[in-house]
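The values are calculated or read from the model by the stated rules, or taken from the named source; none is laboratory data. All of these numbers come straight from a predicted model, not from anything done at the bench. Here the Cβ positions follow ideal geometry from the backbone for every residue, glycine too, while neighbour counts run over all protein chains shown.
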Amino acid sequence: MNIRPAFKTAFLILSIATIGSLSWSTSAESQTIPARAFVVPPHHEIRMTSGSTAWCVNVEPINGNFQVTDVNFCTVVLISPGTGSVSQISYDCTKPTVVMDADFNGVQDIRFCFLKTALQPLFDNLHGAKPKTVTLTIQGTTFSGQTFTGSVTVQLYLHG
């Protein structure tokens, strides 16, 4: 009776099961990848009652971690928890979206513009004439299933 081959087979099965479970746990968990969010003038501030009717933010990949042409525009949201009656608003994906290189750094970015009327519920808990510093997070998903997120801090003027 030879016990060794059975032991080797059992060890091999255990090893494969362990390796398989490790690979499943890493591939099953989806990770949020960082994106660079930035604004260009005149969007470095939000003036709710003057200026243009929309505010825009640009998003670009960091070190090529996603392709801007792979972004599902209908999944993009702007998030600002605690500043309004809603914590996020959705991007109106029926509007044209511009792919460009707004900061001329050689990396394509996407400009997402949000109407100020849509921004209103994000900020309706804030009051007063002094400008507020707000940090906004933009998040979305690519068609390949990656979730990206980036944040930008701007001055918010509720009046004027």
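ARG111 fulfils the conditions (1) of a type in the set (D, E, K, R); (2) free of Cβ contacts under 8 Å to residues at least 60 places away in the same chain; (3) out of contact with any Ser or Thr (no Cβ under 9 Å at 6 or more places or on another chain) except for a single criterion, (3). Within region 76-106, the set of residues being within 17 Å of the chain's Cα centre (by Cα) and β-branched (Val, Ile, Thr) comprises VAL76, VAL77, ILE79, ILE89, THR97, VAL98, VAL99.
Might you let me know whether region 65-80 holds any residue that is in a loop (DSSP other than H, G, I, E, B), closer than 14 Å to THR137 by Cα and assigned by TED's automatic domain parsing to the domain that holds GLY150? Yes, because at least one residue in region 65-80 is in a loop (DSSP other than H, G, I, E, B), closer than 14 Å to THR137 by Cα and assigned by TED's automatic domain parsing to the domain that holds GLY150. Out of THR75, THR69, THR94, THR83, one residue alone is of a type in the set (Ser, Thr, Tyr) and without any contact (Cβ under 8 Å) to a residue 12 or more places away in the chain. It is THR94. Restricting attention to region 112-152, the residues that are assigned to a strand (DSSP E or B) and in contact with a helix residue (DSSP H, G or I) (Cβ under 7 Å, 6 or more places away or on another chain) add up to 1.
Are any residues in region 9-54 modelled with pLDDT of 90 or more and assigned to a loop (DSSP other than H, G, I, E, B), and if so, which ones? The answer is VAL39, VAL40, MET48, THR53.
Condition check ((1) surrounded by fewer than 16 Cβ atoms within 10 Å (Cβ to Cβ); (2) within 25 Å of THR32 (Cα to Cα); (3) of a type in the set (D, E, K, R)) across all residues:
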{"site": "PRO61", "(1), (2), (3)": "no, yes, no"}
{"site": "GLY64", "(1), (2), (3)": "yes, yes, no"}
{"site": "THR69", "(1), (2), (3)": "yes, yes, no"}
{"site": "PRO81", "(1), (2), (3)": "yes, yes, no"}
{"site": "ASN125", "(1), (2), (3)": "yes, no, no"}
{"site": "THR149", "(1), (2), (3)": "no, yes, no"}
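Any residue in region 128-150 that is farther than 26 Å from SER50 by Cβ, small (Gly, Ala, Ser) and free of Cβ contacts under 8 Å to residues at least 60 places away in the same chain? No, the conditions are met nowhere in region 128-150.
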